[in-house]
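Student: To start, I am sharing the structure in question, which I have written as structure tokens.
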Amino acid sequence: MMVMTLLVLLSVIMLCLETMPELADSWIGHIHVEYFFSCIFTMELVVRVGIAKNPIVAFMNDLYLIFDAVAVVSSP
């Protein structure tokens, strides 16, 4: 849980840095970092749904699971 929280914070920091004009054009590697975070978050979501006894009930009972699914689907 702590690792995922740290990854979320790092992802948010990266997204904030991308909005800064002086940094946005100078660093091309941010796309690779975004894909890394997207892959990690997708794998975490798949594992959480995969270990659920009933995925439909899991989605209905866990609001954070819904938020995570929307975030993964809307990521590049």
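The values are calculated or read from the model by the stated rules, or taken from the named source; none is laboratory data. What you are looking at is a predicted structure, and each value in this text was computed from that prediction instead of being measured. All Cβ positions, glycine included, derive from the backbone under ideal geometry; neighbour counts span all protein chains shown. SASA here: full protein model, heavy atoms, side chains in, ligands and nucleic acids out. Shrake-Rupley method; radii C 1.70, N 1.55, O 1.52, S 1.80 Å.
Student: What's the total number of residues in the range 43-76 that are touching a Phe, Trp or Tyr at 6+ places or on another chain (Cβ under 8 Å) and assigned to a loop (DSSP other than H, G, I, E, B)?
Tutor: 2
Student: Also, I was wondering about something else. For the range 59-74, which residues satisfy the criterion of being under 16 Å from residue 9 (Cα atoms) and either of a type in the set (Val, Ile, Thr) or open to solvent by less than 40 Å² (accessible area, probe 1.4 Å) (or both)?
Tutor: Listed by number, the list holds a single entry, 72.
Student: Sticking with this one: Out of all the residues in the range 35-58, which are among the hydrophobic types (A, V, I, L, M, F, W, C) and open to solvent by less than 60 Å² (accessible area, probe 1.4 Å)?
Tutor: Taking the range 35-58 and keeping what is among the hydrophobic types (A, V, I, L, M, F, W, C), we get 36-37, 39-41, 43, 45-47, 49, 51-52, 56-58.
37, 40, 41, 45, 49, 52, 58, listed by residue number.
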